[in-house]
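Worksheet for the structure shown next.
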Amino acid sequence: MSTALSHAPVLSRDAYPDALAPLAEVVGSELRAPLVGGGEVRYANLDYAASAPALADVASHLNEVLPYYASVHRGAGYASQISTSVYENARAIVRSFVGGRDDDAVIFTRNTTESLNLLAGCLPARGDVLYLDVEHHANLLPWQARPHRSVIAAGTIAETLELVRLQLSDGGVSLLAVTGASNVTGEVLPLATLAELAHEHGARIAVDAAQLAPHRRIDVAGTGIDYLAFSGHKLYAPFGSGVLLGRPDWLDAGRPHLAGGGAVREVRLDAVTWAEGPARHEGGSPNVLGAATLARAAQVLGGLDEGLWHRHEQQLRAALIDGLSDIDGVTVHRLFADSEADASSEPSAGGAIGVVNFSVAGHDSGLTAAYLSAEHGVGVRDGRFCAHPVLRRLGLASGSLRASFGVGSRLEDVERLVGGVRQLVEKGLGLDYVVDAGRWVPARDTRVFPDWAPNTPGTAGAAPCSTD
């Protein structure tokens with residue numbers, strides 16, 4: 001029966017000195033994961049792109065704020081005043097973190113998806129939304145309810161930019177909506193160039209920075225970005241908060257996102273005068289703890305040495321690609337031949353973030369992910385990553401595998417994944433697996449949940465949550 005690899009590291013550690021240790025402490029960094037058949041290992045979390053673990057400093061800050069948790073904007077009490085101060089100060093911290101303009105609105109939401117849906121409700125009546133086929137569904141579906149156009153990305157970034165330019169030059173585009181970094185492959189788009197193209201043709205640009213913000217410095221004002229959206233749960237603050245930041249005129253004129261208390265100036269039985277500013281879209285009791293923790297995560301990331309941050313991530317990425325590329329039948333997938341996703345690119349250049357997409361010939365992606373978890377204690381994502389069009393374009397309509405990492409990752413995590421994939425290719429599965437509730441699971445899963453966690457019943461034990 002297969003167990004986690006115990007032999008020497010499969011990668012040359014001298015080649016990746018800045019990837020040996022985590023860059024920042026995250027909660028759960030020493031979590032022990034049981035293996036089917038006995039034993040346990042430190043959990044190798046390579047699924048940061050779905051939901052990153054909380055920074056230890058963020059969790060500590062949550063405990064500092066929690067005793068003062070109270071109503072925001074609605075109370076004269078001491079705790080309420082502190083909660084209101086924390087909430088409003090979080091806006092300033094977030095604006096500074098992404099280099100926003102002084103007059104940019106900072107609206108707190110639940111996540112990137114809600115932020116972009118909010119923006120969709122504020123667009124002017126005239127003009128199309130233009131987007132690429134490489135987008136996450138969060139930056140594709142909100143625009144489909146209004147006039148829109150799509151661009152099928154070419155095999156290079158340079159050719160894709162030309163296709164975008166041609167569409168913009170036809171006129172009639174009010175908003176160009178693009179991802180900052182692909183959630184499928186991690187490749188980074190040249191946002192300054194795209195912003196310049198949009199503005200040259202009378203359009204604005206909105207950037208889905210859900211993946212970019214946890215990995216790169218963003219300068220909204222310097223880059224010319226008009227609207228930026230990102231999520232706390234990918235920024236090491238998984239407490240239910242997101243952000244939409246951008247120019248206030250469209251937001252103040254748009255339909256209030258949530259009709260309710262706090263979003264109004266005056267209400268009568270059959271009429272309402274809506275508030276302006278962020279309050280217009282933040283109806284109901286705000287998530288002060290989510291805003292506070294997101295802001296603290298921004299402060300921690302903003303305080304990192306940028307060069308070391310970049311080297312740590314790029315060496316992890318290079319080690320993973322080098323290791324996987326050395327295994328027969330493993331393909332690492334990219335969107336653009338000229339993305340220069342290597343460890344030598346500067347932080348301000350294109351390249352790619354800590355996301356690597358791959359497939360193993362002859363092995364179903366869902367089964368491979370289940371095997372890596374059950375037999376090696378490695379967590380990766382499988383499926384279509386809420387990006388169906390781009391998966392079809394890559395010839396991966398049935399799905400692929402994604403490994404992602406961040407400031408809490410270490411080279412050992414990558415070594416375990418590479419070793420597990422190599423063992424699968426060379427020796428095959430060590431266990432029997434079956435499909436239960438749509439997911440591959442060990443036929444006889446001996447792993448148990450903690451006492452406090454509900455165990456989902458099924459023919460083969462607990463199944464991981466489904467992916468899309």
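Numbers for the structure displayed
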item: Signed unit charges on C-beta, dipole axis of the chain, positive-most listed residue 92, 109, 220; result: 109
item: For the chain: relative contact order, % (alpha-carbon pairs under 8 angstrom, 6 or more apart); result: 23 percent
item: Magnitude of the charge dipole, the chain, Cβ model with Lys/Arg +1 and Asp/Glu -1, debye to 20; result: 940 debye
item: Descending semi-axes in whole angstrom, ellipsoid equivalent of region 178-241, from the Cα gyration tensor; result: 22, 12, 9
item: Relative contact order (%) - criterion: Cα under 8 Å, at least six apart; region: region 57-302; result: 27 percent
item: Packing-based exposure ordering (other Cβ within 10 Å, fewest first) of 293, 331, 273; result: 273, 331, 293
item: Counting DSSP beta bridges with both ends in region 57-302, the antiparallel % (nearest 5); result: 50 percent
item: Beta bridges per DSSP with both ends in the chain, % antiparallel, nearest 5; result: 65 percent
item: Qualifying GluC sites (Glu not before Pro) for region 211-320 [loop in DSSP, other Cβ within 10 Å: at most 16]; result: 276
item: Semi-axis lengths, Å, region 57-302, gyration tensor of Cα atoms, sqrt of 5 times eigenvalues; result: 32, 22, 13
item: Tilt relative to the chain, helix 365-376 - C-alpha long axis, 0 to 90 degrees, to 10; result: 60 degrees
item: Antiparallel DSSP beta bridges within region 149-266, percent to nearest 5; result: 45 percent
item: Rounded to whole Å, sorted largest first: equivalent-ellipsoid semi-axes of the chain, Cα gyration tensor; result: 38, 27, 21
item: Sum of -39500 (n - 2.57) over DSSP H runs of 4+, divided by residues of the chain (222 nm, nearest 500); result: -9500 deg cm²/dmol
item: Part-to-part distance (alpha-carbon centres) for region 251-325 and region 371-389, which is given in Å; result: 27 Å
item: Projected label distance in nm at residue 125 and residue 170, using a 7 Å step from Cα toward the beta-carbon; result: 2.4 nm
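Read-outs: derived from the displayed coordinates by stated rules, not from any lab. Note that the coordinates shown come from a computational prediction; the quantities given were computed from them, not determined experimentally. When we count neighbours, we look across all protein chains shown, and the Cβ atoms used for this are built from the backbone with ideal geometry, even at glycine.
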